[in-house]
Amino acid sequence: MLAKMMLPLKEKDKVIIKKLLTSGCCARCVLRFCCIGVPDAYRQNRQETLSQLQAFISGPEDCSMKSDSQDAVVPEPVSKKSKLTVDDPVEESSVCVLCLGVLQHLSDVTQAMQHSCWLHVKEHVRAKCCVLVRDDVIAVKEAFKWIMQGLLAQELDGVAVVAKSALEVSVGFTHPETDADCHFLGSTCPDCFKPTKNKLSVFTRMAVVKALEKIPDSKFTKHSPWPPSRPATSCTPPDVRCVHASVFVAGRYNKFCRSLPQTPWLIDGERRMESSVEELIATPILAAFRAGGFNFSSSGREDVDVRTLGNGRPFALELLNPHKGKLSEEDMKNVQQVINTNSDKIRVRDLQMVSRDAMSRMKEGEEEKTKSYRALVWTLKSIQKDDIAFIDRIQDLTVDQKTPLRVLHRRTLAVRQRLIHSMSTSFVDDHHFQLSLKTQAGTYIKEFVHGDFGRTKPNLCQLLDTDTDILELDVQSVDVDWPPVLPE
Ligand SMILES: [Zn+2]
């Protein structure tokens, strides 16, 4: 059990304490609005807190409230004393109007009620010429966390309970009785409550907070009078879930197959290809970490019929709710081995655990990076070695690419300027040659070769003065120096 503690109350708190207790707030909510940010104050017995509050408001002669802290109890002028004395001790409401019992019976809260109380307190304090910053009021969530940490530490017999940890316990409360209390905000601030596809209700926490910031105080108090009516019911028993924070795994992949999409290819809900790069990589990793799901990202992507050779393409996986938070280097090597033996369509290297922050390295400066490609090109006109040799001398060619027809359904129509740093050719026969290119990331190579009906300018057809088409394309290198290369 926690030792009885001195509540660090200030003289100006008296009026708040009295007002809130008589309005049906619980003792712990009173502490919150007195801006008491001492976790132990919330962990002590509720009855004890209540009697201390009652003693405090019934007069300064009560010595239990004296504290050695400098700013704790400010002596007040004698003339004010009589006003603050109460005749009857103020009892605590059975279901607190503010936390709806969350801090009482350790059970949610409507944002609107919090706001109402805030306005109420602000008004009274303003009257006393004090400045109170809203951020100073302790949120129910904070107080709840403090109480729970204390209780959990007791239950777990001295095991340290820390607030910032990879294991998160989420606690959800509902209170059907007051669920509709914030609905009037819908008519006063319709802009804040736009329906979205995935949300069940427009009254999300964020939308309510936004509306409360906008609504004039006078309008709010009209719709939501103080004190609020006392709720008959407490919050429903909480929905408790334990979730482990995401862990991140990165590496590089090669793709050796011309019929493998990077992500599952679905058309009208039906699968077009039996697998994908993403699934081949993620399945063994998911199993090793016993994770509930994943998000896959990579430094660019290749088309289904394009191979990725060389050192491969950097990728990262966010593993959701893993039951294993860490894998040793050796275990990671084994997982990599499993991926590589499961399929000859892909190969993975440099598989390692990374931090969420490090992951941003993959995406940063993506546009400035260079990529190398090799394309097998067909020409309509018959060619000689000498006909293509001039291409090798072209340096830093700027091309204007109107969004390709094949991606127009998912990318906005625009003209993007890209740089082809250098090219080199290798003659195959009188209608074919290999074209190697080093380009700025984001250059559409296929469109540069066939011209995309003149949407890419200049293009290879113009340069060679004949129709050209691309038969095969390989990514030779993706020049992103992340993640770190590991010894094989
Ligand atoms: Zn309360």
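For MET148 and ARG356, what is the calculated FRET efficiency with R₀ set at 22 Å and r taken between the beta-carbons, to the nearest 0.05?
0.30
Quick check on my link table: of LYS345/LYS438; LYS333/LYS438; LYS141/LYS214; LYS385/LYS457; LYS10/LYS164, which ones sit more than 27 Å apart, alpha carbon to alpha carbon?
Distance filter (> 27 Å) returns LYS333/LYS438; LYS10/LYS164.
Determine the sum of side-chain charges near LEU286: Lys and Arg each +1, Asp and Glu each -1, restricted to other residues whose C-beta is under 12 angstrom from that of LEU286.
-1
Among the aspartates and glutamates, select those whose C-alpha is under 14 Å from the C-alpha of LYS12, and discard any that sit fewer than 8 residues away in the same chain.
Here the aspartates and glutamates satisfying the reach criterion relative to LYS12 are ASP71, GLU76, GLU123.
Can you show me the helix-derived [θ] at 222 nm for the chain, built from DSSP H runs with n ≥ 4 at -39,500 (n - 2.57) apiece and divided by the number of residues, rounded to the nearest 500.
When only DSSP H runs of four or more count, the value is -8500 deg cm²/dmol.
If each of LYS164 and GLN337 carries a label point 7 Å out from its Cα toward its Cβ, how far apart are those two points in nm?
With each label point 7 Å from Cα toward Cβ, the separation is 3.8 nm.
Provide the gained length on full extension for the span HIS183 to LYS369, in nm with one decimal, where the gain is 0.36 nm per separating residue minus the Cα-Cα distance.
Value of the extension gain: 61.9 nm.
Using only alpha carbons, build the gyration tensor for the chain and give me the equivalent ellipsoid semi-axes, biggest first, whole Å.
67, 26, 20
Round to the nearest 0.05 the FRET efficiency obtained for THR466 and LEU419 when R0 = 22 Å and r is the Cβ-Cβ distance.
0.35
Starting from 0.36 nm per residue, how many nanometres of slack lie between ARG290 and VAL240 once their C-alpha separation is accounted for?
Gain on extension, ARG290 to VAL240, equals 16.0 nm.
All of the numbers you see were taken from the coordinates with simple rules; none came from a lab. Since this is a predicted model, take the numbers as computed values, not measurements. Ideal geometry is used to build each Cβ from the backbone, glycine not excepted, and the neighbour counts take in all protein chains shown.
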